[in-house]
Amino acid sequence: MACVVTAASRAVQAQARSVAASLDLEFISVVDDLDSGVALVIDTDRSWLQRLQGPRLGPVFVDFSSADMLYRRKSGHNEPLGRAMGVKGNKRPRVFDATAGLGRDAFVLADLGCFVALSEQSIPLSYLLDQARDLALLSANDKVSEAANRMKVLWGDSRQRVVEGFDVIYIDPMFPERAKTAAVKKDLATVQALHTDSTVVNDPGDLLMWALAQPVERIVMKRPVKAPALGSAKPSHSIRGKTVRFDVFVKPKRSGA
Ligand SMILES: C[S@@+](CC[C@H](N)C(=O)[O-])C[C@H]1O[C@@H](n2cnc3c(N)ncnc32)[C@H](O)[C@@H]1O
């Protein structure tokens, strides 16, 4: 199994057992001897992921009030992401994030004023996203709580959904990234370790085909800046950042619409 549940301390053992049962994951009281997969570690307030394979990397949190997230909000690094979605003037598209992951891009978009559905196939990640959203709603920082209010977490394979009531589908598939910082490497390695589970799918070409068939105005696909476009569909245009590129597929308006 790619993910087990454990408790951060004796005080939360009962809580951890109940989370494991509700997520249909195995509860293991001591994970020290495990050497593969990931543990969802339940703590009194914020839980986290711990990669079990050696070398053991540090904990991975989903925290929309973290210093990293506040930096991303302020630094303007995200301008290409917003532009790719069609954020302009007063326009705030409703975004279906089909690959929510650690929810970082989704939070940035919610902070820009977009309503964002965070769809994630991994159940431990969905649990952490939900918890992070609930904690962000209580944040003393109004900007963080207002953004959290515009976020909704959905669990499951996005391709099983018909996406109605949204303007944009956003896809950020797993790609071998030349991560710059140790923190990013740790987070990606941990999310990737969740994907050794055979129930988890990662076929970005398939996701793109599904997205193109949905009733939305545009699809945005994140790619490494120099990578070729995915699949046979040609992007309408691309927006380049320093390390990533957003391929934008604008759907032709239906006649009579
Ligand atoms: C690279 S991560 C996304 C990172 C995210 N943009 C962020 O800012 O944290 C890709 C995520 O997409 C999820 N994913 C891949 N295919 C999916 C699908 N068909 N349905 C739902 N989630 C999917 C994976 O489980 C993984 O967590």
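The values are calculated or read from the model by the stated rules, or taken from the named source; none is laboratory data. Quick caveat: nothing in here was measured; it's all calculated off a predicted structure. Ideal geometry is used to build each Cβ from the backbone, glycine not excepted, and the neighbour counts take in all protein chains shown.
Quick notes on this structure:
- Apart from one condition, residue 93 fits all of (1) surrounded by fewer than 22 Cβ atoms within 10 Å (Cβ to Cβ); (2) of a type outside the set (A, V, I, L, M, F, W, C); (3) away from the ligand (no atom under 14 Å from the Cβ); (4) touching a residue at least 24 places away in the same chain (Cβ under 8 Å); the exception is (1).
- Of residues in region 205-238 being closer than 17 Å to residue 79 by Cβ and either within 14 Å of the ligand (Cβ to nearest atom) or at pLDDT below 95 (or both), the one surrounded by the most Cβ atoms within 10 Å (Cβ to Cβ): 220
- Screening the candidates 96, 107 for the property of being in the same structural domain as residue 218 (by TED's automatic domain parsing) and assigned to a strand (DSSP E or B) yields one hit, 96.
- Filter pass, residue 20 being away from the ligand (no atom under 15 Å from the Cβ), at negative phi and not in a loop (DSSP other than H, G, I, E, B): yes
Yes/no per residue for (1) over 20 Å from residue 49 (Cβ atoms); (2) more than 12 Å from the ligand (Cβ to nearest atom); (3) more than 15 Å from the chain's Cα centre (by Cα):
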{"residue": "118", "(1), (2), (3)": "no, no, no"}
{"residue": "122", "(1), (2), (3)": "no, no, no"}
{"residue": "134", "(1), (2), (3)": "no, yes, yes"}
{"residue": "140", "(1), (2), (3)": "yes, yes, yes"}
{"residue": "153", "(1), (2), (3)": "no, no, no"}
{"residue": "156", "(1), (2), (3)": "no, no, no"}
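- Residues being in contact (Cβ under 8 Å) with a residue 40 or more places away in the chain, of a type outside the set (Lys, Arg) and more than 13 Å from the ligand (Cβ to nearest atom) - total across region 71-90: 2
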